[in-house]
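K.L.:
Attaching a single structure in structure tokens format; questions to follow.
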Amino acid sequence: MNRDGTAKESGATGVARADIPLERDVFLRSLLRELAGTLEEVVGLEDASGYISIVGGAIGRQINDDYSRALGVERLSREQVGEVLVDLKRRIQGGFHILEMTGDRIVLGNDRCPFGVHVEGRPSLCMMTSNVFGYIAAENTGYAHVTIEEAIARGDAGCRVVIDLKPQDEPGDGREYFGGDL
């Protein structure tokens, strides 16, 4: 390293100029992919999803607080919840969009995962989406049941995420989330 913090030329080998697709974002996504894969192999998909869901809940709380503060509201409206879910994914380079929004349900589609190709074969990473979406929806509406019907991580062409905002008689697959003081 030079005194000014720049990389020294690597002499005749040209290491500093080598065409290597490595930078911080790719490194961090690769790190998460390998961490999720290791968890899935060591403790199984269900437990790995559980560990990742804890992180997703904490991230969801942080993001919800950020949007509530920025919008100057104590609670987001249902419409704002849908818009926030799409916007937060847009900000991290996801391709989510609203397919359906009613008083009882938000359905989102996605054609680009924020993890990129690093999500393929790592379905436990979908718990980040489930918990972030579930936390934000439940915290603002009182309840959310999130089902990831299709997922790029599972080999589907895109994602389809259904968020029911009222308890179902037969909730089926997915996860339930309960909000705070509503």
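K.L.:
Would you check which residues across segment 13-44 are of a type in the set (A, V, I, L, M, F, W, C), under 11 Å from Leu125 (Cβ atoms) and over 16 Å from the mean Cα position of the chain (by Cα) and list them?
P.N.:
If we filter segment 13-44 for residues that are of a type in the set (A, V, I, L, M, F, W, C), which is where we start, we get 15-16, 18, 20, 22, 26-28, 31-32, 35-36, 39, 42-43.
Right, trim to under 11 Å from Leu125 (Cβ atoms) and you get 32, 35-36, 39.
Passing the criteria: only Leu39.
K.L.:
With the condition kept exactly as written, say whether any residue in segment 93-101 is over 16 Å from Cys159 (Cα atoms) and either charged (D, E, K, R) or out of contact with any Lys or Arg (no Cβ under 6 Å at 6 or more places or on another chain) (or both). Spell out the reasoning first.
P.N.:
The first filter runs over segment 93-101 and keeps only residues over 16 Å from Cys159 (Cα atoms), leaving 101.
Checking which are either charged (D, E, K, R) or out of contact with any Lys or Arg (no Cβ under 6 Å at 6 or more places or on another chain) (or both) leaves us with 101.
There is at least one residue in segment 93-101 that is over 16 Å from Cys159 (Cα atoms) and either charged (D, E, K, R) or out of contact with any Lys or Arg (no Cβ under 6 Å at 6 or more places or on another chain) (or both).
K.L.:
Which one of the conditions (1) crowded, with 22+ Cβ neighbours inside 10 Å; (2) more than 15 Å from the chain's Cα centre (by Cα) does Ser130 fail to meet, given that it meets all the rest?
P.N.:
(2)
K.L.:
Which one of the conditions (1) within 20 Å of Gly121 (Cα to Cα); (2) more than 15 Å from the chain's Cα centre (by Cα) does Tyr143 fail to meet, given that it meets all the rest?
P.N.:
Failed condition: (1).
K.L.:
Sticking with this one: What's the total number of residues in segment 70-110 that are under 14 Å from Ile163 (Cβ atoms), of a type in the set (S, T, N, Q) and part of a loop (DSSP other than H, G, I, E, B)?
P.N.:
1
K.L.:
Between Val86, Val73, Val42, Val81, which is among the β-branched types (Val, Ile, Thr) and over 26 Å from Thr102 (Cα atoms)? If you could, list the steps in order and put the result at the bottom.
P.N.:
Numbers: Val86 fails: over 26 Å from Thr102 (Cα atoms); Val73 fails: over 26 Å from Thr102 (Cα atoms); Val81 fails: over 26 Å from Thr102 (Cα atoms).
When all the criteria are applied, what remains is Val42.
K.L.:
Mind listing whichever residues of segment 158-173 are outside any strand (DSSP E or B) and more than 15 Å from the chain's Cα centre (by Cα)? Before the answer, list the steps.
P.N.:
Within segment 158-173, the first condition is being outside any strand (DSSP E or B), and the residues that meet it are 158, 165-173.
Correct list: Leu165, Lys166, Pro167, Gln168, Asp169, Glu170, Pro171, Gly172, Asp173.
K.L.:
When you scan segment 58-66, do you find a residue that is closer than 21 Å to Cys159 by Cα, among the polar types (S, T, N, Q) and either crowded, with 16+ Cβ neighbours inside 10 Å or without any contact (Cβ under 8 Å) to a residue 40 or more places away in the chain (or both), even just one?
P.N.:
no
No lab work stands behind these numbers, since they all come straight from the coordinates. These numbers come from a predicted model, not from an experiment. Because the Cβ atoms are built from the backbone with ideal geometry, glycine has one as well, and the counts that use them run over all protein chains shown.
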